[in-house]
Amino acid sequence: MNTTCDLKQTLKPLYRASSARPALIDVPELNYLQIDGTGRPEEAGFEQAAQALYPLVYTLKYMPGGLPFTIMPMEVSWTLDRTAKTFAWTMFMVIPDAVDDALLAQAAAQVRQKHNPQRLVDVRRVRWAEGRCVTMLHRGPYETMNDTLGKMNAFGAAQGLTLRPDTHDIYLNSVLKTRPENLRTIMRAAVLAG
């Protein structure tokens, strides 16, 4: 019998943040499933990406002979083109290091047979080290996230750091099941210099 790989416990320092003050963290290289897209989160492309990513992660978790693991929160790295007022994004989820391309291909074949999401072919496995970041927990609706980002930028400036202008957000609860004032999102901004 396989024991569960408890990613939430193992990676706890990376998935906890204070809403009172920003902090500096170092994010090591981790194993992720990723999918890219453009547009706003309420548009079809974002939902199609999630419909490809989630079944794949859950299939990996429950595959016979696979490695049971705790499902990590959905994460999105956002890039805003302020001139065109459009978003480019990468949606991703942490997976255990034991998941390799062969296991991913097996899981994708199972998902294709069962659900066949439109964007399944766009999901890829990557190893990525985000490095040094400023992080803070945002509580409340997404529309007020710029307030939290302002606190993060002020913290970074006080430390002599230049931060990436766009954020990497970690969604700790579901927008479909949670009132806007109760949403919890960890925001990260990578340190570019300093």
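The values are calculated or read from the model by the stated rules, or taken from the named source; none is laboratory data. None of the values given here were measured: they were computed from a predicted structure. Neighbour counts are summed over all protein chains in view; Cβ atoms, including those assigned to glycine, are modelled from backbone coordinates with ideal geometry.
Can you name every one of the strands (runs of 3 or more DSSP E) wholly within segment 2-115 that holds 3 or more residues which are of a type in the set (Phe, Trp, Tyr)? Here the list reads 86-95. Scanning segment 153-181 for residues that are assigned to a helix (DSSP H, G or I) and either closer than 22 Å to Arg40 by Cβ or modelled with pLDDT under 95 (or both) returns Pro180, Glu181. Scanning segment 98-155 for residues that are without any contact (Cβ under 8 Å) to a residue 60 or more places away in the chain and on the phi > 0 side of the Ramachandran plot gives Asn116, Gly140.
Return yes when Gly194 is modelled with pLDDT under 95 and of a type outside the set (D, E, K, R) and no when it is not.
Details: modelled with pLDDT under 95: yes; of a type outside the set (D, E, K, R): yes.
For Gly194, the condition - modelled with pLDDT under 95 and of a type outside the set (D, E, K, R) - is met.
Given the criteria farther than 28 Å from Lys151 by Cβ and under 13 Å from the mean Cα position of the chain (by Cα), does Leu14 qualify? So Leu14 fails the test.
Restricting to segment 77-116, name every residue that is buried (at least 18 other Cβ atoms within 10 Å of the Cβ), under 18 Å from Pro41 (Cα atoms) and out of contact with any Ser or Thr (no Cβ under 7 Å at 6 or more places or on another chain).
Here is the first cut: in segment 77-116, the residues buried (at least 18 other Cβ atoms within 10 Å of the Cβ) are 77, 87, 89-96, 99, 103-104, 107-108, 111.
From the residues that got through so far, the ones that are under 18 Å from Pro41 (Cα atoms) too are 77, 87, 89-93.
Within segment 77-116, Met91, Phe92, Met93 meet the criteria.
A search for C-beta distances below 7 Å between a residue of segment 24-35 that is farther than 24 Å from Ala50 by Cα and any residue that is charged (D, E, K, R) and assigned to a strand (DSSP E or B), counting only pairs 6+ apart in sequence or on different chains, returns Leu24/Arg132; Asp26/Arg132.
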